[in-house]
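Take a look at the structure below.
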Amino acid sequence: MLINIQKSNLKLGIIAGGQLGKMLIQEASKWDITTYVLDDDISSPASSISTFFQKGSRLDYKTVYQFGKKVDILTFEIESINIEALLKLQNEGILIVPDPKILQLFQNKEAQKAFYLANGLPAVRQHATVPLELPFVQKLKTGGYDGRGVFVVKNQQDMSQMLEGDSIYEDFVDIKKEIAVIVARNKKGQIQSFPAVELVFNKEANLVERLICPADITKEQHEKAKELSHFLIDKLEMSGLLAIEFFIDSNGNLIINEAAPRPHNSGHHTIESVMTSQYEQHIRAILNLPLGSTEIKMPSVMLNLLGEPGYIGNVLYEGLEDALAIDGVKIHLYGKKITKPFRKMGHITIIDKKINVALEKADRVNKLLRVKS
């Protein structure tokens, strides 16, 4: 099915209405694209800015199928979606990008890891049963995101706290750094990757709290990350965005951890710091348009704005005015009305010509801004 971007009534459907969907809509609106959003939360971040919003479950076959019949092209901002409905829509001529079969692969961590290993990509060895040797990592095969569904088993005491559910088990990696690369491909086969970013995790919540662009890695590691990301998205023959998280081990080797076929938290900074944001690039890719430049305009640090531990209720942002007084600070609030411990409530991108200055500013912002209730 061909999509004509020059039509003034192009209808783009987005399954899930979180912050990724909201920022995708903000880009789509620049091109006068009509947006439809499906989400089970009427107060989700994307609900207030989409052209049309439908309340409903993305896991329900009938809901997803009926939603898909309303649009010209369908995309998504989360993996957990009813695949059978997407495949039915695709068979009936609805353009779904990325392809539902690719989404199906990435919904299952066991299948995803098997694909990497079968294609000679560097990945951690996986086990179907609990390994005899400690430590190891347990991962639920489906449903995990934002640090959920992953548990590091360090000793015998941890064995009693393992996650419930169908799992795979991976060898423990001595991680020196974690980085991410977002790569885009259109149907014509044009590929463009964003510069690698360095990820710093909150150890308590096991989710990213800081991102540094560009990553502080060697030129060879930058080139290797780019090479692997291009190979993977091309091997998949995928259109859209693919966000790939890598480990760098103590020997400096790159190892693919996981990937997601959608816009990603590791690309928020691109709105201000890169020539083309990940959201614009996703739209370009799914509409088979020329991909935009991924040249860095200015180094950046991105902070995830997380709900403070111990606070649940109507959100209150402390220190917002003081943070905005710092040059180069760009604050994005997602519009979530209720805060919870470690809930992603927004992000802040700090840009500066010198990365060390951006890091200093990020430390100041981190001390100023608090999400409470």
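The values are calculated or read from the model by the stated rules, or taken from the named source; none is laboratory data. Quick caveat, the model's predicted, so the values are computed rather than measured. Cβ sites come from the backbone with ideal geometry, for glycine too, and all protein chains shown count toward neighbours.
Some values worked out for this structure:
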item	result
Residues of the stretch 87-99 classified as out of contact with any Asp or Glu (no Cβ under 9 Å at 6 or more places or on another chain), crowded, with 18+ Cβ neighbours inside 10 Å and either without any contact (Cβ under 8 Å) to a residue 60 or more places away in the chain or not aliphatic (A, V, I, L, M) (or both), total	3
Filtered residues of the stretch 122-133 (kept if under 23 Å from V183 (Cα atoms) and surrounded by fewer than 17 Cβ atoms within 10 Å (Cβ to Cβ))	P122
Residue, surrounded by the fewest Cβ atoms within 10 Å (Cβ to Cβ), within the stretch 51-73, restricted to residues that are among the β-branched types (V, I, T) and over 20 Å from N288 (Cα atoms)	T51
Residues satisfying the stated conditions in the stretch 240-256, i.e. of a type outside the set (A, V, I, L, M), surrounded by fewer than 23 Cβ atoms within 10 Å (Cβ to Cβ) and touching a residue at least 24 places away in the same chain (Cβ under 8 Å)	E245, F247, D249, S250, G252, N253
Test for V197: is it surrounded by 15 or more Cβ atoms within 10 Å (Cβ to Cβ), at pLDDT 95 or above, closer than 22 Å to M302 by Cα and in the same structural domain as V274 (by TED's automatic domain parsing)	yes
Residue tally, condition outside any loop (DSSP other than H, G, I, E, B) and out of contact with any helix residue (DSSP H, G or I) (no Cβ under 6 Å at 6 or more places or on another chain), over the stretch 154-178	14
Criterion: within 17 Å of K113 (Cβ to Cβ) and among the basic types (K, R) - qualifying residue of K177, K219, K235, K187	K235
Residue that is farthest from N265 (Cα to Cα), among those in the stretch 7-42 that are of a type in the set (G, A, S), touching a Leu at 6+ places or on another chain (Cβ under 9 Å) and not in a strand (DSSP E or B)	A28
Pair list, Cβ under 9 Å, 6 or more apart: the stretch 207-231 residue under 17 Å from K176 (Cα atoms) and outside the structural domain of H268 (by TED's automatic domain parsing), other residue hydrophobic (A, V, I, L, M, F, W, C) and surrounded by fewer than 19 Cβ atoms within 10 Å (Cβ to Cβ)	none
Every residue from the stretch 330-355 that is farther than 14 Å from R210 by Cα and more than 21 Å from the chain's Cα centre (by Cα)	K337, I338, D352, K353, K354
Residue among R58, R148 that alone is under 21 Å from the mean Cα position of the chain (by Cα), basic (K, R) and at pLDDT 95 or above	R58
Subset of the stretch 304-329 [touching a helix residue (DSSP H, G or I) at 6+ places or on another chain (Cβ under 6 Å) and either free of Cβ contacts under 8 Å to residues at least 12 places away in the same chain or buried (at least 17 other Cβ atoms within 10 Å of the Cβ) (or both)]	A323, V329
Residue, surrounded by the most Cβ atoms within 10 Å (Cβ to Cβ), within the stretch 257-282, restricted to residues that are over 15 Å from the mean Cα position of the chain (by Cα) and not charged (D, E, K, R)	S273
Criterion violated by F76 - all others in (1) surrounded by 14 or more Cβ atoms within 10 Å (Cβ to Cβ); (2) over 21 Å from A243 (Cβ atoms) satisfied	(2)
In the stretch 340-352, the residues that are more than 18 Å from V197 (Cβ to Cβ) and of a type outside the set (F, W, Y)	K340, P341, R343, M345, G346
Top-ranked residue of the stretch 143-163 - restricted to ones that are buried (at least 16 other Cβ atoms within 10 Å of the Cβ) and of a type outside the set (G, A, S), ranked as nearest to L232 (Cα to Cα)	V150
